[in-house]
Amino acid sequence: MLTLRPSQPISLPTPPPVSRLNRSANRPPSCSLTFNHSTSPATATEVSNNQLIQSLCKKGDLRRALSLLSQESNPSQRTYELLLLSCSRNRSLPNGIAVHRHLSLNGFDQDPFLATKLINMYSELDDLQSARRVFDEIHDRTIFVWNALFRALTLAGYGEQVIELYKRMNERGILSDRFTYTYVLKACVAAEGGTVLFKEGKEIHGHILRHGYEDNVHVMTTVVDMYARYGCVGYAERVFGEMHDKNVVSWSAMIACYAKNGMAYEALELFREMMAEECADNAPNSVTMVSVLQACAALSALEQGRLIHGYILRRGLDSILPVVSSLMTMYGKCGKLDVAQHIFDRMDVRDVVSWNSLISGYGIHGFGEKAIDIFREMIRSGTSPSPVSFVSVLGACSHAGLVEEGKALFDSMAKEHGIHPNVEHYACMVDLLGRANRLDEAAAIIQGMRIEPGPMVWGSLLGSCRIHGNVQHAERASDKLFQLEPKNAGNYVLLADIYADARMWDEVKTVKKLLETRGLQKVPGRSWIEVKRKIYSFLSVDEINPQIEQLHALLLELAREMKEEGYTPPTRIVLYDLDVQEKESILLGHSEKLAVAFGLINTSKGEAIRITKNLRLCEDCHSMTKFISKFTSREILVRDINRFHHFRDGVCSCRDYW
DNA sequence: CACGAGGAAG
């Protein structure tokens with residue numbers, strides 16, 4: 001709004017020509033600590049000049065505003081406020097520093113109101129040191145000043161510093177307000193290097209209850225979110241359950257908590273509950289829908305997803321970009337790539353995330369070339385790739401074995417797009433080379449990294465070693481991984497698998513022992529299938545399903561047919577010390593096979609079977625599913641942790657490269 | 001005078 005405040009005179013003499021104003025520029029700066037805007041009455045010229053600067057700021061014409069500033073003898077606090085805001089908006093740090101200097105010289109350097117504005121500006125222009133200096137130099141630290149610095153440091157990921165300052169604030173007896181709590185809670189999960197300050201977060205939760213903020217919906221929602229990010233779903237549930245006032249944000253936070261922590265089923269359940277209770281204050285909105293769609297995607301719950309899509313259309317949320325991207329991702333992960341493409345084609349406005357969604361969709365389905373085409377089309381159409389674009393397209397190359405293309409894209413990142421590879425990009429490259437059995441090159445990439453490799457990179461190497469049975473690289477990678485993430489059971493299992501593959505049974509035993517002594521458990525294989533809007537989940541050695549005997553019988557028969565065609569089950573991948581017969585029966589009990597058998601029995605003949613699995617598909621399941629697709633003339637789609645396998649007529653879309 | 005909560009691509 002460009003209208004002037006009613007308290008200010010509307011009719012003013014037109015601003016004098018510039019030459020008349022210059023006289024004020026040479027005045028000595030005021031050094032008094034009291035604010036001269038209140039001590040010296042402004043002349044009509046100054047008032048009008050203030051207003052001119054202000055309106056230029058509002059129009060976004062920072063350049064002219066600044067040139068007027070140099071002629072203005074008595075800028076007001078409001079003028080400085082708008083100037084600072086304008087500097088943030090124009091992303092101009094040098095101008096911001098100039099305004100800062102100007103206001104200091106005019107005696108505003110101890111104004112707490114402008115101090116918070118300065119801190120905000122420096123925060124937005126990523127100059128945390130200057131923000132900190134403003135804080136250090138101001139004597140009258142109102143809670144606003146503290147909050148501004150907390151906010152700045154939290155946004156920049158300096159959680160530890162926030163908590164340290166918060167402690168100091170408490171020691172000085174300064175009382176937090178509701179804003180302080182939201183910032184310091186966020187600080188606990190925004191610490192450097194992704195570490196979290198769990199103990200501190202719980203303590204602050206205690207402070208909040210002691211100071212009577214347990215009914216503040218903003219604060220308590222932040223508490224829920226904090227526990228969600230810690231992965232403490234139980235705590236989040238309890239806090240959420242005890243909240244008196246819940247609104248759409250609190251519900252969304254709890255749904256997101258489930259969706260993010262591998263509890264997609266619970267996320268959908270809570271969404272249902274939310275719909276049942278729906279009132280004006282908690283009607284689901286676009287943010288809610290994003291998490292709900294993520295949950296559908298995680299479960300491959302296509303029917304659920306379609307229902308949600310219908311709801312989104314009815315609520316008119318279908319033109320909100322994050323919703324559309326989530327829809328595309330959901331359809332892609334449910335095996336409906338064509339629908340994702342269709343949605344994309346019909347979009348009026350796209351952003352880089354829309355493109356990335358499509359690229360990764362093609363990537364997980366194994367269409368590497370198509371993914372690269374879309375990536376190029378995105379650039380041609382004028383959208384600059386983001387770091388995630390490269391993760392998506394490199395991942396696509398990796399799934400399709402497009403090594404040279406991937407290497408070229410990786411090289412182009414910094415050269416052509418000014419994006420410096422991060423750990424994830426390196427992990428993609430290690431994966432790309434490793435899967436193609438170029439493990440020495442993959443190791444060389446790690447060697448040459450300018451940043452710390454981190455568990456993701458070593459994990460990629462170890463995974464590739466599992467595929468190609470390379471013990472030497474595996475030992476090096478697992479050494480690193482056992483240091484970096486000693487509690488990740490998957491790494492131990494991978495190494496044991498690799499040893500077993502090489503028939504190094506003593507080593508297998510050692511690794512299994514290590515797993516036990518550290519109190520870790522192998523993540524059990526789980527597969528699920530949606531039949532008539534219901535999701536059926538299977539564990540290996542499943543006894544719960546009422547049809548279990550029928551499933552086993554069917555699988556046995558199929559296995560017999562396979563053997564007649566000359567198939568020998570790869571029993572070496574079973575890590576237990578058993579005879580061949582028992583090993584075969586363990587293989588036959590894998591959750592993915594149970595889910596396929598369940599699909600064969602409970603869906604109609606022409607219908608495709610869609611399965612989702614929480615781990616990488618094992619060799620035997622892969623072979624058997626290929627066989628089943630031919631033997632029963634069924635299309636079978638399996639999404640494993642990495643990608644899709646589209647089985648049809650005895651062939652898999654991954655061309656046995658996964 | 002002012003500052004807040006949940007969400008997209010991997």
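Sorting A:316-325, A:226-235 by their mean Cβ neighbour count within 10 Å, with the most densely packed peptide first, gives A:226-235, A:316-325. Dipole magnitude for chain A: about 1580 debye, using +1 per Lys or Arg Cβ and -1 per Asp or Glu Cβ, origin at the Cα centre. The convex hull drawn around the Cα atoms of segment A:258-350, when projected onto a plane and averaged over every direction, covers 5.7 nm². Extension gain for A:D506-A:E557 works out to 14.8 nm (0.36 nm per residue, less the C-alpha to C-alpha distance).
Given their separation in residues at 0.36 nm each and the Cα-Cα distance between them, A:Q472 and A:R64 gain 140.3 nm when the chain is fully extended. Annotation for segment A:522-574: chymotrypsin sites (Phe, Trp or Tyr not before Pro) lying in DSSP loop with at most 16 further Cβ atoms inside 10 Å of their Cβ are A:Y567. Using the Stokes-Einstein relation with a Kirkwood hydrodynamic radius computed over Cα pairs, the translational diffusion coefficient of chain A at 37 °C and a viscosity of 0.692 mPa s comes to 113 µm²/s. Highest-first packing order for the peptide set A:238-244, A:360-366, A:621-627 is A:360-366, A:621-627, A:238-244, based on the mean count of other beta carbon atoms within 10 Å.
Segment A:301-375 and segment A:435-512 have their alpha-carbon centroids 34 Å apart. Taking amide H as placed 1.01 Å from N in the peptide plane, A:H645 has its amide H under 5 Å from the amide H of A:V638, A:R639, A:D640, each at least 5 places away in sequence or on another chain. For segment A:527-652, the square roots a ≥ b ≥ c of the C-alpha gyration tensor eigenvalues yield an a/c under 1.5, which makes the shape rounded. Among residues other than A:T221 whose Cβ falls under 11 Å from its Cβ, what is the net charge (Lys/Arg +1, Asp/Glu -1)? That works out to -1. Note that segment A:121-136 has calculated 3J(HN,Hα) couplings of 5, 4, 4, 5, 9, 6, 10, 5, 5, 5, 4, 5, 5, 4, 4, 5 Hz, one per residue in order, obtained from phi through the Karplus relation 6.51 cos²θ - 1.76 cosθ + 1.60 (θ = phi - 60°); glycine and proline are x. For segment A:619-658, the spherically averaged projection of the C-alpha convex hull amounts to 2.3 nm².
In chain A, helices alone account for a calculated mean residue ellipticity at 222 nm of -19500 deg cm²/dmol, with every DSSP H run of four or more residues adding -39,500 (n - 2.57).
The 3J(HN,Hα) values that the Karplus relation (6.51, -1.76, 1.60; θ = phi - 60°) gives for segment A:264-280 are, in residue order, 4, 4, 5, 4, 5, 4, 5, 4, 4, 4, 4, 5, 5, 8, 3, 9, 3 Hz. Gly and Pro appear as x. Taking 0.692 mPa s as the viscosity and 37 °C as the temperature, the Stokes-Einstein diffusion coefficient of segment A:350-413 based on its alpha-carbon Kirkwood radius rounds to 296 µm²/s. Taking each of A:K260/A:K534; A:K333/A:K509; A:K202/A:K487; A:K199/A:K480; A:K583/A:K626 in turn, the alpha-carbon distance tops 26 angstrom for A:K333/A:K509; A:K199/A:K480. Within the shell defined by Cβ-Cβ distances under 11 Å, the residues around A:Y183 carry a net charge of +2, with Lys and Arg each +1 and Asp and Glu each -1. The overall shape of segment A:147-195, judged from the alpha-carbon gyration tensor, is prolate: a/c is not under 1.5, and a/b is greater than b/c.
Along its first, second and third principal axes, ordered by size, segment A:160-288 spans 48, 30, 23 Å in Cα coordinates. Share of segment A:527-652's accessible area from carbon and sulfur, percent, 1.4 Å? Carbon with sulfur: 52 percent of the solvent-accessible area.
Just the protein heavy atoms count here, and of the accessible area of segment A:368-504 at 1.4 Å, carbon and sulfur take up 48 percent.
For segment A:496-597, the square roots a ≥ b ≥ c of the C-alpha gyration tensor eigenvalues yield an a/c of 1.5 or more together with a/b not exceeding b/c, which makes the shape oblate.
How many Å² of accessible area per residue for chain A, probe 1.4 Å? Normalised by residue count, the accessible surface of chain A is 49 Å².
Taking every Cα-Cα distance in segment A:42-178 and sorting them into 10 Å bins from zero, the calculated P(r) comes out as 12, 41, 30, 13, 3 percent.
Its residue count N fixes a reference of 2.2 N^0.38 Å for segment A:421-523, and the Cα radius of gyration divided by that reference is 1.03. The residues neighbouring A:V471, those whose beta-carbon lies less than 12 Å from its own, together hold a net charge of -1 under the Lys/Arg +1, Asp/Glu -1 convention.
The values are calculated or read from the model by the stated rules, or taken from the named source; none is laboratory data. Everything quoted here is computed from the prediction, not taken from an experiment. Counting neighbours? That spans all protein chains shown, and the Cβs are built from the backbone with ideal geometry, glycine included. Side chains are part of the model used for accessible areas, which takes the heavy atoms of the whole protein and leaves out ligands, DNA and RNA. Shrake-Rupley method; radii C 1.70, N 1.55, O 1.52, S 1.80 Å.
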